[in-house]
Structure formats: structure tokens, C-alpha cells
Amino acid sequence: MQFEQTGTVRELSDRLEAFMAEHVYPNEARYAHETETAADRWVSPPVMEELKLKAREAGLWNLFMPRESGGALTNLEYAPLCEIMGRSPIAPEAFNCSAPDTGNMEVLLRYGSPEQKRQWLEPLLAGEIRSGFAMTEPEVASSDARNITAEIRREGGDYVIDGRKWWTSGAGDSRCRILIFMGLSDPAADPYRRHSMILVPMDAPGVSRVRPLTVFGYDHAPHGHLEMRFENVRVPASNMILGEGRGFEIAQGRLGPGRIHHCMRAIGLAERALESMVARARERVAFGKPLAEQGMLREAIALSRMEIDQARLLTLKAAHMMDTVGNKAARAEIAMIKIVAPRMAQAVLDRAIQVHGGGGVSGDFGLAEGWALARTLRLADGPDEVHIDQLARIELRKEAKVWRQG
């Protein structure tokens, strides 16, 4: 199976890499400084709005949009572009290709009503607002989404929402205007028809930010991952997405492309870590010779190269299958990449940290924060164990072809 890039993708890749070199990498330190010194750390720093304007003018905007929803690229075509963006923590937003907005926009593209698209999708596509996704709950094991207990109940022409959520990514941002909320709408229905997704404006009465949560000490301001409380929140019935009981159906449509995006960004992160490892090995001397001449360091570099390339090929295969046979038929490949890519990125970053010594665990090289991100991806969109179990069940359902001797 070959994954040769089309002329369009090669041209976009070249333009994207040039933009990253000229505008993104040089502004990473400025972004961090403006965030840390701002009067309100939850307000987007000025440099981000400058980058977004430049990216839009350069035609590098909303590249994630799937072809079937009016975009220009397939999942396979977008994957290498997503990898390039994943090399920098600030790049995806600069191109309006960051989570959870991409997933939320895809939900609205695929399942939203004309009015929902006009009110929320259009400003999201324009980069004028941001959004959040409220699914995980502190009281239950949300790795099994059937456990979700936050209520969505019909009262006349409205729905009323009650419950607690946490890890609501994006809700800390002062530009966050809308949440996609998953809750229990019919406890008596079939387990996979009990839940719904509904649009909840951040300024609706009864919506409150409880606290920002940290990830290995990082609060990821101005984006953030918040604990939220919803108390007697009333929204119009027209805010229901697709219809009552369609929450799992929407979630599966949302998570397939999202996992491709997460994995390709993780591969880009790992590539940059490997480059940093190689540069460090060339410039540092220990025990009388450069690190690059020491066997254990060479092994770390070689292992990292093999693991990155393996993860990339598997992810490209999953993207190709999603494009050609659909998400359902590609569910095993999607499960595999969600296990493999974050683990690979974590391993490569861990080696890079080791090569950088004390500097590796500091904030000077971005490796510590990158490691925290890779480790977090092993929980986001379902923990490793869920995907491993799913993959094993798929294998066990296959017809056995037993080797026989003699």
C-alpha cells in the first residue's frame, strides 16, 4: 500500500512548512511570554490573532475540513499537513485546525441544522469564536460513556440541563462561546440510545466555570481544561443536535477524524523531539567524546526513527481506509493508531529528555510539556485499555485459520 502525496498536498506542505519557519517557530517564545505576563491569562495573546490573520491571508485556513463536508482534502491528504502543524503547540490554532474546535465544527458540518450552522459554525470557521466539548464527568468512569449521568430533559419548548463535567477542553478561553454537551436524555432507552448531544451557550444562565484543571502542572492557558457546573440550564429545543438519543452516533462520527488528527500531531511532535535529540547529541561531549559517538545514544536515535515511521505508516493506512471504506470498517486501524502513536511519542520524548539531561525536564526545550501532552493523549478520546480491548474483540471475531503440522 502506497501513500504518495498528490501535487496539491505537496504544494500545501511546502507552503505550510515555509509559514511555520517564518512565522510560527519564531513566535513560540513570544506566545509564551505574552500569556504568562498578561493581566488575564485566559485571554488569547495578541500574537495568535496576528498569526491567524497571516495564515488566512496565505490560504492556509480550515485545512482540516473533510471533502465530504465541502472541504478540499481527504483524511489521507490532510494527515501530513496535520503532522507539520503538530510540531508546534501554537500552530494548529494559527491555522484554525485545533481541537476541540475541529471536532465540533465537523459535528456541526455533518449533523447541524441550518440555523445551528449559521449561528455557531460560521463564526467558528471564521476563527471569530472558540468552542468546548463537555462529555467527561468526575463522578463516573467516563471511559464507558454509557455511564454519563448529566441530565438533558425536555420541558415544553426547551431542554433543561443539570450535571457536572470536567476536562471540558477549550472552556477556559475567553473566546469560548459554545459547548457541545453530551448527557442522558432517556434512561429507559437502549444503552446506546439514552444519550444526546446539545448546544449550550457559555453565557446561558446556570453555566459556571468551577476551576481550571492542570495536566502535570500545566494549565494550558488560555485554552484550558475546565471543571464545569450546569444547574437548571435552559436552552431552546432547537439546540438539540440531530435528535434525541443520537449522542453515540454523533460521537463516533466525531472521534474517527479526531483520532487521525491527534495521532498525526503526535507524530509531528515526536519528529521535532528527534531532531532536538540529534542536535543535542552532535553538540554535547561527555566522557571524552561527543554523545553522537556513544552507542546507547545512537540506539535511542535509531529506535526513535523506526518507531516514528511505523506509527506514521499505520496512521496513514487508517486515514486511507476511512476515506475508502468508511470509519466503521476502519475501526480496528483507528483503535491501533490511538494506542500506538501517543505511546510512540511519549517514548521518543522520554529519550529526548534523557539526552538533554537537566535541560530536558526544564521549560527551555519544550520537551517536558510535549511529554505531558503525549502522556495525556493516552487518556483523551478513550484510554489505551478501551482501544486494546476493542482491538482484541475484533481479532477474536475473525475466523481462525489454524496452522497444522504434517
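The values are calculated or read from the model by the stated rules, or taken from the named source; none is laboratory data. Worth saying up front: this structure is predicted, and the values here are computed from it rather than measured. Quick reminder, even Gly has a Cβ in these numbers, built from the backbone with ideal geometry, and neighbours come from all protein chains shown. These accessible areas exclude ligands, DNA and RNA; they are computed on the full protein's heavy atoms, side chains included. Shrake-Rupley method; radii C 1.70, N 1.55, O 1.52, S 1.80 Å.
Can you give me the long-range amide H partners of L73? Hydrogens built in the peptide plane at 1.01 Å from N, cutoff under 5 Å, separation of 5 or more residues or another chain.
R67
Calculate how steeply helix 75-85 sits against the longest principal axis of the alpha-carbon atoms of the chain, using the helix alpha-carbon long axis, and give the answer as 0 to 90 degrees to the nearest 10.
60 degrees
What are the semi-axes of the equivalent ellipsoid for the range 1-54, taken as the square roots of 5 times the Cα gyration tensor eigenvalues, largest first, in whole Å? Let's see the in-between values first.
Numbers: eigenvalues 208, 23, 18 Å².
Ellipsoid half-lengths, sorted descending, are 32, 11, 10 Å.
Once amide H atoms are built 1.01 Å from N in the peptide plane, which residues 5 or more positions from V210, or in another chain, come under 5 Å H to H?
Excluding prolines and chain starts, which carry no amide H, the hits are E227, M228, R229.
Calculate the radius of gyration of the Cα atoms of the range 67-210 to one decimal place, then report Dmax, the largest Cα-Cα distance, as a whole number, both in Å.
16.3, 49
Given N residues in the range 257-303, what is its alpha carbon radius of gyration divided by 2.2 N^0.38 Å? Could you put the intermediate results ahead of the total?
On the way: Rg = 14.2 Å, N = 47, 2.2 N^0.38 = 9.5 Å.
Against the compact-globule rule of thumb, the ratio is 1.50.
Could you give the nm distance between label points at A400 and D40, where each point is 7 Å from its Cα heading toward the beta carbon?
Inter-label distance under the simple model: 6.4 nm.
Whole-Hz ³J(HN,Hα) for each residue in the range 34-50, computed from phi via Karplus 6.51 cos²θ - 1.76 cosθ + 1.60 with θ = phi - 60°, x for glycine and proline: what do you get?
Karplus values, whole Hz, x for Gly and Pro: 5, 5, 6, 9, 6, 4, 10, 5, 9, 9, 4, x, x, 4, 5, 5, 5.
Using a Gaussian network model on the chain with a 10 Å cutoff between Cα atoms, which of G217, G103, G288 fluctuates the most?
G288
HN-Hα J couplings of the range 21-31 from phi, Karplus 6.51/-1.76/1.60, θ = phi - 60°, integer Hz, Gly and Pro as x?
5, 7, 10, 7, 4, x, 9, 4, 5, 5, 4
Calculate, for the chain, the solvent-accessible area per residue in square angstrom, rolling a 1.4 angstrom probe over the heavy atoms of the protein chains. Let's see the in-between values first.
Details: 18950 Å² over 406 residues.
That works out to 47 Å² for each residue.
Once the Cβ-Cβ distance between S238 and V361 is put in as r, and R0 is 51 Å, what FRET efficiency do you end up with, to the nearest 0.05?
Numbers: r = 50 Å, r/R0 = 0.98.
It comes to 0.50.
Counting DSSP beta bridges with both partners in the chain, what percentage is antiparallel, nearest 5?
Around 80 percent of the beta bridges assigned by DSSP in the chain are antiparallel ones.
How many times 2.2 N^0.38 Å is the alpha carbon radius of gyration of the chain?
Numbers: Rg = 21.9 Å, N = 406, 2.2 N^0.38 = 21.6 Å.
Dividing the Cα radius of gyration by 2.2 N^0.38 Å gives 1.02.
So if we plug the beta-carbon distance of R193 and I129 into 1/(1 + (r/R0)^6) with R0 = 30 Å, what FRET efficiency do we get, rounded to 0.05? Please list the in-between numbers first.
On the way: r = 31 Å, r/R0 = 1.04.
For R0 = 30 Å, the calculated efficiency reads 0.45.
Taking the Cα-to-Cβ direction at E155 and at R209 and moving 7 Å from each Cα, how far apart do the two end points lie in nm?
According to this spin-label approximation, the distance is 2.6 nm.
Using a Cα-Cα cut-off of under 13 Å, which aspartates and glutamates could be cross-linked to K338, ignoring same-chain neighbours fewer than 8 residues away?
D381, D384, E385, D389
In Å, what Kirkwood hydrodynamic radius results for the range 264-393 from the alpha-carbon pair distances?
On the way: mean 1/r = 0.0642 Å⁻¹.
Computed over Cα pairs of the range 264-393, the Kirkwood hydrodynamic radius comes out at 15.6 Å.
Add +1 for every Lys or Arg and -1 for every Asp or Glu among the other residues with Cβ under 13 Å from the Cβ of G360, and state the total. Numbers along the way, then the final one.
Numbers: positive: R280, R284, R351; negative: D350, D364, E369.
Here the count lands on 0.
Just K165, K54, K289 to compare: in a GNM of the chain, with alpha carbon springs under 10 Å, which one fluctuates most?
Among K165, K54, K289, the largest mean-square fluctuation in the Gaussian network model of the chain belongs to K289.
Pop the C-beta distance of V140 and Y218 into the FRET formula with R0 = 30 Å and round what comes out to the nearest 0.05. Don't skip to the end; give the middle numbers.
Numbers: r = 25 Å, r/R0 = 0.84.
FRET efficiency, V140 to Y218: 0.75.
With a 1.4 Å probe and all protein chains left in place, how much of the accessible area of the range 162-213 comes from carbon and sulfur atoms, in whole percent?
On the way: 1130 of 2100 Å².
So the carbon and sulfur contribution to the accessible surface is 54 percent.
Can you run phi through the Karplus equation (6.51, -1.76, 1.60; θ = phi - 60°) for the range 357-372 and list ³J(HN,Hα) in whole Hz, with x for Gly and Pro?
x, x, x, x, 8, 7, x, 6, 10, x, 6, 5, 5, x, 4, 4
Counting only protein chains, not ligands or nucleic acids, how are K398, K328 ordered by accessible area (probe 1.4 Å), most first? Before the final figure, lay out each step's value.
On the way: K398 115, K328 165 Å².
If we order K398, K328 from most to least accessible, we get K328, K398.
I'm checking a number: the convex hull volume of the Cα atoms of the range 202-301, normalised per residue, in Å³. What is it?
Details: hull volume 16.4 nm³, N = 100.
About 164 Å³ per residue, rounded to a whole number.
In nm, to one decimal, how far is the R305 label point from the A58 one, both placed 7 Å along Cα→Cβ?
2.9 nm
Quick one: compute the contact order of the chain, relative version, from alpha carbon pairs under 8 angstrom and 6+ residues apart, as a percent. If you can, show how the numbers build up before the last one.
Details: 655 pairs, mean separation 56.6, N = 406.
Across the chain, relative contact order equals 14 percent.
Quick one: Cα convex hull volume of the range 153-237, Å³ per residue? Mind showing how you got there, number by number?
Numbers: hull volume 7.9 nm³, N = 85.
Taking only Cα atoms, the range 153-237 has a hull volume of 93 Å³ per residue.
Average projected area of the Cα convex hull of the range 323-406, in nm²? Could the numbers behind the result be given before it?
Working: hull surface 36.6 nm².
Mean projected area for the range 323-406: 9.2 nm², to one decimal.
Provide the convex hull volume over Cα atoms per residue for the range 1-127, in Å³.
On the way: hull volume 14.5 nm³, N = 127.
Hull volume over Cα atoms, normalised by residue count, gives 114 Å³.
Write down, largest first, the equivalent ellipsoid semi-axes of the range 236-286 in whole Å, where each equals the square root of 5 times an eigenvalue of the alpha-carbon gyration tensor. Show your work: numbers first, answer last.
Details: eigenvalues 424, 18, 8 Å².
In descending order, the three semi-axes are 46, 10, 6 Å.
Between V235, V285, V361, where does the largest GNM mean-square fluctuation fall for the chain, given springs only between Cα atoms within less than 10 Å?
Result for the chain, Cα springs under 10 Å: V285 fluctuates most.
If amide H atoms are built 1.01 Å from N in the plane of the peptide, which residues on other chains or at least 5 residues away come under 5 Å of the amide H of C176?
Close amide H contacts, sequence-distant or interchain: R130.
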